[in-house]
Each structure stands twice: as structure tokens, then as C-alpha cells.
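Comments concern the structure below.
Just so you know, all these numbers are worked out from the coordinates, no wet-lab data involved. Source: prediction; values computed, not measured. Quick reminder, even Gly has a Cβ in these numbers, built from the backbone with ideal geometry, and neighbours come from all protein chains shown.
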Amino acid sequence: MEDTVPGQPRKTVIISGGTTGMGRATALERLARGDRVIVIGSDQDRGRALLAEAASTELRFIRADLSSIAEVERVVADIAERYEAVDALALFANRVSPRRKVTADGLEFTFALYYLSRYLLSHRLRPLLDAAPAPVVVNVAGVGNTSGRIEWDDPQLTRRYGQVRAQLQAGRANDLLGVAFAARGEGKARYVLYHPGFTRSGVDGHPSRVVRGALRFLGRLFARPVAESVRPIFDWIDHPPSDPLTAVDRGRRLDLSLRTLDPDDAARLAEYTEELLRGR
């Protein structure tokens with residue numbers, strides 16, 4: 001690995017979903033810049049492959065099922081025990097589920113992995129983030145997309161589950177997570193919601209062979225290269241925005257008055273989420 005980039009102090013960077021696609025590219029690039037990188041992922045083999053490719057003592061892999069509340073809490077406790085500060089938290093973990101699955105906590109799987117794990121990591125690691133000089137959270141989801149909504153009467157999608165509905169709901173929930181996190185305002189950590197657009201990342205992770213093939217074909221024709229999609233993330237880690245919340249959709253900075261970033265909805269979702277977590 002290269003030495004730390006001149007003029008840039010070494011950072012501690014946490015990446016969820018960092019063994020494939022954009023998360024993996026971010027991990028390798030930050031290592032090349034001399035940072036300390038902790039990757040969280042569910043696949044032990046992919047973790048070993050990343051460790052072997054990086055061949056760096058500055059990379060640590062934590063295997064965890066982030067759809068489990070207890071597993072996320074274990075990861076947070078592990079990080080808090082080993083590190084005094086976290087400069088950047090990059091959130092990528094997500095997986096499509098064609099059929100409705102329920103986690104050990106009794107929650108719909110997509111909601112638990114794509115949204116709740118990001119909520120927990122963002123908030124539970126906030127003290128370590130605020131201990132860093134210029135901390136940032138980068139949540140890679142679908143900000144700018146106005147499709148989908150929070151199913152307030154049935155957030156766990158017990159009645160009408162669909163993989164697209166589940167993904168869109170969790171995407172909108174991540175939008176609101178960023179709004180609520182920034183609204184607290186008492187810490188230093190900046191929050192970036194980032195929609196990279198269709199990227200050649202994660203197409204091999206879909207459980208359906210037919211869909212995987214279609215995604216690979218469409219990816220060759222239309223998708224952005226991973227290296228192009230992750231480039232803004234490197235800049236935010238090196239130079240966090242000054243505003244508490246920044247939303248960027250495929251290179252375009254969004255007006256925070258977008259209806260999917262409604263502060264009242266953000267507060268409502270935060271209250272629902274804390275109620276879910278209470279007593280667990």
C-alpha cells in the first residue's frame with residue numbers, strides 16, 4: 001500500500017457492505033491513501049478475499065449479519081473498544097429479497113438490513129464520529145428518487161410485500177434518517193445522502209439467476225463504472241461538507257425541501273424506530 005497522501009492525516013474509516021462493489025472499491029482506495037479501514041460484511045469468504053487482495057495490516061474485516069440488531073450492537077461495541085475516534089462511516093450494505101423474510105428480531109429483512117442497520121451504525125457510532133476532527137457519514141442509497149414511500153400503516157410489509165416496494169421504502173427511510181440525524185445538530189458529524197445512479201456494482205448479488213443475467217447485460221450497456229461512482233465519496237471523506245446535511249443525486253446537489261426529505265416525516269420515522277428498539 002502507498003503511504004498516507006501528503007497533507008492528509010491518516011483517517012479511520014468504517015464501511016458497511018464493503019466486500020463487494022462500491023464498498024469494496026472505497027475500502028481499497030482508502031487503504032491506498034494510508035487510512036485505517038474496518039470493513040463489515042456478512043460473507044466470510046469475500047472478507048478473506050478482500051484481506052488477501054489488500055495485503056495490508058491497516059485493513060480489518062468484521063463478519064456480521066447486519067440485519068440482526070444484536071449483531072450491529074456487537075460490531076459497535078467492538079469498534080468502540082478498539083478505536084478512540086472514527087473519521088468516516090460509509091454505508092453500503094443492502095440485499096434484495098424476492099420473498100418476504102423475517103429476521104430473528106421479527107422485522108422485515110430489507111427494512112432491517114438496508115435501513116435499520118444504517119440507523120444503528122449512524123447513531124451508535126456518533127460519539128466516536130464526534131471525537132474526530134472532521135467526521136462524516138456517507139449513506140449510499142437512492143436520494144433524489146421520489147418513487148416509493150413509508151408504509152406508515154404497515155412498515156414491516158406484512159400484507160403486501162414486494163421486493164421493489166421493500167427496496168423503495170427502505171430507500172425513502174434512509175432519506176429521512178439523514179434528515180433526522182442532521183436535525184439533532186449537537187454533534188460535529190456531517191451527513192451525506194448519495195445516490196450514485198445505476199452502477200456496475202452488486203449485480204452478482206441478486207438471488208435470481210435470470211435477474212442477475214439481465215442486470216449484467218444492462219450494466220454493460222448503461223451503468224456507470226464503479227470507479228466513477230465512488231469518486232465523490234473519497235472527496236467527502238477527505239473534505240466533509242460544511243452543512244449538517246447534503247443530498248446528492250448523480251452529481252446534482254438537491255434542494256433539501258424535496259418532499260422525500262420532509263422533517264416531520266423524519267421525526268415520525270425516528271420515533272417509530274426508537275419504539276422498535278426499545279426493550280430489545
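Taking every C-alpha pair closer than 8 Å and separated by at least 6 residues, the mean separation divided by the residue count of the range 12-277 gives a relative contact order of 19 percent.
Using the rule -39500 (n - 2.57) for each DSSP H run of four or more residues, divided by the residues of the chain, the 222 nm mean residue ellipticity is -13000 deg cm²/dmol.
A convex hull fitted to the Cα coordinates of the range 10-92 yields 81 cubic angstrom per residue.
Magnitude of the charge dipole for the chain, about its Cα centre and with charges confined to Cβ atoms of Lys, Arg (+1) and Asp, Glu (-1), is about 980 debye.
Look at VAL226, VAL75, VAL96 and count the other Cβ atoms within 10 Å of each Cβ; fewest to most, that gives VAL96, VAL226, VAL75. Remark: C-alpha extents of the range 12-277 on the principal axes read 48, 46, 38 Å, sorted largest to smallest. Note on ARG268 and ASP78: the model spin-label points, each 7 Å out from Cα along the C-beta direction, lie 3.7 nm apart. Other residues with beta-carbon under 13 Å from the beta-carbon of ILE237 carry, at +1 per Lys or Arg and -1 per Asp or Glu, a net charge of +2.
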